[in-house]
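A short write-up of the structure that comes next.
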């Protein structure tokens, strides 16, 4: 069986598929249908969509490749961590961009802070009129985060991950989604009927999935394709 999944990067698309199919990477064959490299400078503001096809392997092939995959995962993780030099270059590039960017924003003065944690660049922004930079349920924030990732990685061979937060929005959104997950689970248990949520980003779906992962009465799975992918909460049999 073959399944198609999407993401902003190849790795994200693959991870979306693995989580949905509830399998590990050694249990599938991966075929990239639309590469993340097919982008020009002028398309930097366009949301990136990468499509991959995951083909489930036979159990015999999975067993033979299991030990080899463990070594590959370890090697892959170590190999793809950006160097300190790359992180510093990416941070300098981002700070130059943000310095000019905040001056162009309407409303009250905006502040920003750029730091690193576990080889990831964290950008925190804040300002009195920050709502329009967050958008409806974070849609503008997510697009701006993708823009910052493109800028940080424009002239580097090593890939650096950039995470953006504006006015503590992500913490507030995470708490709201956790509360929603608890309410939905309670309704599913009471009515014994599955509930399909509205389309969410992979980040938001992951929050709800993680919240309910330890629940012994309900389980979650995703349906549809990005950007209209939805989470379904169902009663365990």
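Here, each number is a calculation from the coordinates, and none is a lab measurement. As the structure is a prediction and not an experimental result, all values here were calculated from the model. Virtual Cβ from ideal backbone geometry, glycine too; neighbours counted across all protein chains shown.
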Binned at 5 Å from zero, the C-alpha pair distances of the range 180-235 give percents of 4, 22, 35, 23, 12, 3, 0
What distance in nm separates the simple spin-label points at residue 182 and residue 201, each placed 7 Å from Cα in the Cβ direction?
-> 2.4
Once the Cβ-Cβ distance between residue 118 and residue 215 is put in as r, and R0 is 30 Å, what FRET efficiency do you end up with, to the nearest 0.05?
-> 0.55
Using the 2.2 N^0.38 Å rule of thumb for compact globular proteins, work out how the range 78-202 stacks up: its C-alpha Rg over that value, please.
-> 1.30
The range 215-237 scanned against label point 7 Å out from residue 49 along Cα→C-beta; backbone N under 20 Å for 222-231
With each pseudo-label sitting 7 Å past Cα toward Cβ, what's the residue 85-residue 56 distance in nm, one decimal?
-> 4.7
